[in-house]
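I have placed the structure first, in the form of structure tokens, so that the comments after it can refer back to it.
The values are calculated or read from the model by the stated rules, or taken from the named source; none is laboratory data. As the structure is a computational prediction, the values presented were derived from the model and not from experiment. Here the Cβ is made from the backbone with ideal geometry for all residues, glycine too, and neighbour counts use every protein chain on show. Remember, those area values only see protein heavy atoms, side chains included, never the ligands or the DNA or RNA. Shrake-Rupley method; radii C 1.70, N 1.55, O 1.52, S 1.80 Å.
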Amino acid sequence: MVKTRLTEHAGVEYPIICGAMYPCSNPELVSAAANGGGMAIVQPVSLTVVHGFDKPDLNQGLVEGIRYIRSKTDRQIGFNALIEKGNDKYLQRMSQWIDIALDEGIRFFVTSLGKPDWVCERVHAKGGFVYHDVTTRYHAEKGVECGVDGLICVNNRAGGHLGTDSMEKMYEDLSDLGLPLVCAGGVGSEQELKEALRIGYDGVQMGTRFIATTECTMPEGYKVAIVDSGEDDIDWTVKLTGIPVSVIKTPGYKRDNPWIIRRLLSGRWKHRTRWILNILSFRRWRRMSNGSKSSKDIWSAGKSVETIHSVESATTIMRRLGESL
């Protein structure tokens, strides 16, 4: 087995993270990926709102959801905390969810957006680790100042929110910070995994590869689109969240928003506007997860589609990748 700082921090066999995805991270996918020997991340909004744990008390729903995943795997799992400012009620909920995750024994956290200092304080007090999503040197340095234990380096081949730099450039720019670096974007096969580790990364985070799995409950059309697409079929759009998101070219996608949205995103209402766009996107993706079909469906995926040629079990994929090292 290849041991890296990521495998030590996460307590897993292989330096591979099955990344958190809304709404794709259903509990069966998380547990299957964990059973394969890698780190699988719980996406709490997806778990509670989309995948059967939408209780009147969302905190209780999260507890039941985590325990349901635990009933299907005895391996380590992680937790995703989106901590962007702009909605005080949401941040209060996320604060409660982090405490619940810690109480349920989760010790590996991936933070996205925002300043993760307060998350680090709580997680470190319980002996856990916090890795932070970054796309630039500026945000990486902010993460270091906040006390994070590792950096998820989101490059220009990623699905979902993507960066602007290549995996090579990100490693070159951030390796001197001294933290474990995880390559996020463009990894869908053994060859790409090995290349990331050769460059010097402590591991990889994969999302698109784990959508095209038997355990993922996304529509079959979405999985087929991933299998049938090449990297030239991937583009970006800001329509979903106000920030570039990598998607498959479908009849429903357009790169930009109407002029009024663009104006709001560039002014003092930008945070509130982004929250509204996120809510609309959450509702659209939730309908997708329930099997609805529309010509306006927008499917997020990264350029790793180039090397994804089949729908398989997440456990099989994780083991095959790990055993190739």
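Results, tabulated for the structure shown:
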quantity: Loop-resident sites, segment 30-90, for trypsin sites (Lys or Arg not before Pro), counting at most 14 other Cβ within 10 Å (DSSP); calculated: LYS85
quantity: Amide H within-cut-off set for VAL247, under 5 Å, with H built and near neighbours excluded; calculated: ASP235, TRP236, THR237, ALA301
quantity: For segment 48-206, the fraction of alpha-carbon pairs in successive 5 Å shells from zero, as %; calculated: 2, 9, 17, 19, 19, 16, 12, 6, 1, 0
quantity: Note, ³J(HN,Hα) from phi for segment 182-190, Karplus 6.51, -1.76, 1.60, rounded to Hz, x at Gly and Pro; calculated: 10, 7, 10, x, x, 10, x, 8, 4
quantity: Proportion of all alpha-carbon pairs of segment 1-48 beyond 18 Å (%); calculated: 29
quantity: Amide proton proximity set for THR214, modelled H, under 5 Å, gap of 5+; calculated: GLU312, SER313, ALA314
quantity: For segment 129-142, 3J(HN,Hα) per residue [Karplus equation, 6.51 cos²θ - 1.76 cosθ + 1.60, θ = phi - 60°, Hz, x = Gly/Pro]; calculated: 10, 10, 10, 10, 5, 9, 10, 9, 4, 4, 5, 5, 5, 4
quantity: Over segment 96-239, relative contact order from alpha-carbon pairs under 8 Å, at least 6 apart, %; calculated: 15
quantity: J(HN,Hα) series, segment 198-215, from Karplus relation 6.51 cos²θ - 1.76 cosθ + 1.60, nearest Hz, glycine and proline x; calculated: 4, 4, x, 5, 7, x, 10, 10, 10, x, 3, 4, 8, 6, 7, 9, 5, 7
quantity: Exposure of GLU13 as accessible area (Å², to 10), given a probe of 1.4 Å and all protein chains; calculated: 60
quantity: Long-range amide H partners of ASN156 with built H, under 5 Å; calculated: GLY163, ASP165, SER166, MET167
